Every structure is written in C-alpha cells, then in structure tokens.
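Novice: Shown below is the structure under consideration.
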Amino acid sequence: MTRKTGIWCLLAVVIVLLGMDVVTSPPDPYAAPDPLVWGSSEGGSGALCSLPGQ
C-alpha cells in the first residue's frame, strides 16, 4: 500500500465515522460542555449561566 492509498483510506474512515456519529446523535450546542474546563466546576467564559447550579 502506498502513502497515497493509505491517506485516502484513512480519510474515508474518518468521514464515515463522523457521518455515523452525526446520524446517531445530532450535535446539540446547549448540551455541550464549556471549552477548556472539562472536569472542572468553573465556567469557561466566566458568565453566570456557565456556572453549575444556574
């Protein structure tokens, strides 16, 4: 297998996996965690609505 074939195969696998993910569970921006604060109780933006319990 050449590099070109490997790159195309990898690209196809990534596209298929992303497609399956979107079809099974459409993205919900309201359920997404704040960026860069996973595992933390602090909000990423500093806004009151991003803090827990709000």
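Novice: Of everything in region 1-29, what is assigned to a loop (DSSP other than H, G, I, E, B) and small (G, A, S)? Give them in sequence order.
Specialist: Residue satisfying the conditions is S25 alone.
Novice: Taking region 1-33 as the region of interest, how many residues are among the hydrophobic types (A, V, I, L, M, F, W, C) and at pLDDT below 90?
Specialist: Residues that pass the stated criteria total 5.
The values are calculated or read from the model by the stated rules, or taken from the named source; none is laboratory data. Given the structure is predicted, the values throughout are model-derived calculations rather than measurements.
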